[in-house]
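Colleague: Provided herewith is a single structure, encoded as structure tokens, for subsequent inquiry.
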Amino acid sequence: MSDDSKTKGSNQMWGGRFASGPAAIMEEINASIGYDRKLYRQDIEGSIAHATMLADCDIISAGDRDKIIHGLNTIRSEIEAGDFNFSRKLEDIHMNVEARLSELIGPAAGRLHTARSRNDQVALDFRMWARGETEKAVGLLQSLIAAFLARAEEHAKTVMPGFTHLQTAQPVTFGHHCMAYVEMFGRDLSRMEDCLARMNECPLGAAALAGTGFPIDRSQTASALGFTGPTRNSIDTVSDRDFALEYMAAASICATHLSRLAEEIVIWSTPQFGFVTLSDAFSTGSSIMPQKKNPDAAELVRAKTGRINGDLIALLTVMKGLPLAYSKDMQEDKEAVFDASESLELALAAMTGMVGDLTVNAKAMKKAAGSGYSTATDLADWLVRELGIPFREAHHVTGRAVAVAVEKGVALEKLTLEDLQSIHPRITDSVFGVLTVEKSAASRKSFGGTAPQEVRRQIRFWKKRLGASGNAK
């Protein structure tokens, strides 16, 4: 690979119009090789497919094709071995690869760019990279959902408090709570799969913005690169970054779900709650307080959401005022997406580990489930169901029963029959059959409810769906 000294003066890749090289400040703002070198695999794969198609369409010779492919494979080996000299003078990954190819195989290298522009080349590379990252997210989400299904199955009957406003509301099962996250991450999985379907069109052949006059076969290159087909409008092709925006939007929603889960793990692992314990693998200690065990992994997952959301806004802002077709602004499309994908993948992997790692304190959960008169709604429902009382009246009677329990300093199920009959004389001792937290949870048998049998039904559904999703890949 030539060193930077060989590229001083005019940039030969720009052509003769630029007789003198760009000023240092222009070089600094214009170069993207510091980050877009990440696209080298996609750039080389796309170029191999393009060269193969050009030869098949008799646009270049088979001999030049073979030289180009051999040279590109050599460059890939050099990069992966750490022997490739990336030059800022050559701006980006495309120019760096093309310049090295010219050194390796001579004039034949100049034929590779026939019927192609950097505009459709970068659109291809970036789209292929985004497709790979979206596929990774799909796999990581499947693993996280599987981890939750395992915990839900294990704790289908484990009673815990359900909260609204972070106040004890009604008893639920921990399995049911886990399945709430299965639903959330299941929607994230669906969004990523939809995103994959929409982004899987091949930009190669759109050229600068108007297509090309060469008799190329865009369907051939699309098929060779694993796309469902070529894009249908050359102007849109080179100016579109919807695929990246959609991935980022799905990533932001997913990160929000991860952050909510992280917050619950942080709360649940406090001594005040004591619902779960994280192992040392996902915790750290304090430099001054030896008793501390901090849920740092969960806190860092929670923080990653800010980065991912910021990355989405950054890309939206870059794209918001661009006229068709390509503008250099779009060079700023990659760093935010690279950062967001790295953050999302790390957060998903960390959370999958934490979900599998949690030690659940079922005793503490059960004790908390009975606090705050959480079975009050069960008393109201019993009054409606057994005595035929309108719900609003039952609600009032229940409120009075809670007030008596508060006055006596006892749980609702510890009130005597006489206490309850003083509020409503038709209450019988059968009411005590619905006032325990276990029976409260077990009674919620409506579709999607917290009853253990319903939790198990939803686990079966998601195992089947997850299997189908995995097979589809």
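The values are calculated or read from the model by the stated rules, or taken from the named source; none is laboratory data. Here the structure is a predicted model, which means the values were calculated and not measured. Ideal geometry is used to build each Cβ from the backbone, glycine not excepted, and the neighbour counts take in all protein chains shown. Accessible surface areas use protein heavy atoms only, side chains included; no ligands, DNA or RNA. Shrake-Rupley method; radii C 1.70, N 1.55, O 1.52, S 1.80 Å.
Colleague: When you look at Leu466, is it in a helix (DSSP H, G or I), farther than 30 Å from Glu193 by Cβ, among the aliphatic types (A, V, I, L, M) and not assigned by the TED database to the domain that holds Asp194, yes or no? Show your work before the answer.
Modeller: Working: in a helix (DSSP H, G or I): yes; farther than 30 Å from Glu193 by Cβ: no; among the aliphatic types (A, V, I, L, M): yes; not assigned by the TED database to the domain that holds Asp194: yes.
Here the answer is no, as Leu466 does not meet what is asked.
Colleague: Report yes if Ala368 is within 20 Å of Arg260 (Cβ to Cβ) and in contact with a Gly (Cβ under 9 Å, 6 or more places away or on another chain), otherwise no. Steps first, answer last, please.
Modeller: Numbers: within 20 Å of Arg260 (Cβ to Cβ): yes; in contact with a Gly (Cβ under 9 Å, 6 or more places away or on another chain): yes.
Answer is yes for this residue.
Colleague: Hey, which of the helices (runs of 4 or more DSSP H) in region 337-408, taking only ones fully inside, have at least 1 residues that are of a type in the set (Asp, Glu) and open to solvent by 50 Å² or more (accessible area, probe 1.4 Å)? Walk me through how you get there before you give the answer.
Modeller: Details: elements: 362-369, 376-387, 391-408.
Because the criterion is at least 1 residues that are of a type in the set (Asp, Glu) and open to solvent by 50 Å² or more (accessible area, probe 1.4 Å), the helices (runs of 4 or more DSSP H) in region 337-408 that meet it are 376-387, 391-408.
Colleague: Among the numbered conditions (1) in contact with a Ser or Thr (Cβ under 8 Å, 6 or more places away or on another chain); (2) among the polar types (S, T, N, Q); (3) in contact (Cβ under 8 Å) with a residue 24 or more places away in the chain; (4) open to solvent by less than 50 Å² (accessible area, probe 1.4 Å), tell me where Thr256 comes up short.
Modeller: (4)
Colleague: Additional query: So, Arg426, is that one open to solvent by 70 Å² or more (accessible area, probe 1.4 Å), touching a residue at least 24 places away in the same chain (Cβ under 8 Å) and either at positive phi or over 47 Å from the mean Cα position of the chain (by Cα) (or both) or not? Step through it out loud before you land on a result.
Modeller: Working: open to solvent by 70 Å² or more (accessible area, probe 1.4 Å): yes; touching a residue at least 24 places away in the same chain (Cβ under 8 Å): yes; either at positive phi or over 47 Å from the mean Cα position of the chain (by Cα) (or both): yes.
Yes: the conditions hold for Arg426.
Colleague: Shifting gears a bit: Residue under question is Ala99, and the condition is that it be open to solvent by less than 10 Å² (accessible area, probe 1.4 Å) and either part of a helix (DSSP H, G or I) or on the phi > 0 side of the Ramachandran plot (or both); does it hold?
Modeller: Values: open to solvent by less than 10 Å² (accessible area, probe 1.4 Å): no; either part of a helix (DSSP H, G or I) or on the phi > 0 side of the Ramachandran plot (or both): yes.
Judged against the criteria, Ala99 is not a match.
Colleague: When you go through Ala250, Ala206 one by one, which is the residue that is buried (at least 23 other Cβ atoms within 10 Å of the Cβ) and not in a helix (DSSP H, G or I)? Even if it seems obvious, please write down each step before you answer.
Modeller: On the way: Ala250 fails: not in a helix (DSSP H, G or I).
Answer to the selection: Ala206.
Colleague: Return the pairs, sorted by first residue and then second, in which the second residue is of a type in the set (Phe, Trp, Tyr), the first residue lies in region 69-86 and is over 12 Å from Leu101 (Cβ atoms), the beta carbons are less than 7 Å apart, and the residues are 6+ apart or on different chains.
Modeller: These pairs meet every condition: Ile79/Tyr40.
Colleague: If you don't mind, another one. All but one of (1) part of a strand (DSSP E or B); (2) touching a helix residue (DSSP H, G or I) at 6+ places or on another chain (Cβ under 6 Å) hold for Asn119; state the number of the condition that does not hold.
Modeller: (1)
Colleague: Listed residues Ser143, Ser102, Ser77, Ser117; which is closer than 24 Å to Ala349 by Cα and of a type in the set (Ser, Thr, Tyr)? I'd like the intermediate steps shown before the answer.
Modeller: Values: Ser102 fails: closer than 24 Å to Ala349 by Cα; Ser77 fails: closer than 24 Å to Ala349 by Cα; Ser117 fails: closer than 24 Å to Ala349 by Cα.
Just a single option satisfies the conditions, and that option is Ser143.
Colleague: Then there's this: List every residue pair whose Cβ atoms lie under 9 Å apart, where the two residues are 6 or more positions apart in sequence or sit on different chains, the first residue falls within region 209-221 and is touching a residue at least 12 places away in the same chain (Cβ under 8 Å) and not assigned by the TED database to the domain that holds Ala55, and the second residue, located anywhere, is open to solvent by 50 Å² or more (accessible area, probe 1.4 Å) and part of a loop (DSSP other than H, G, I, E, B).
Modeller: Cβ pairs passing all conditions: Leu209/Leu324; Leu209/Tyr326; Pro215/Asp58.
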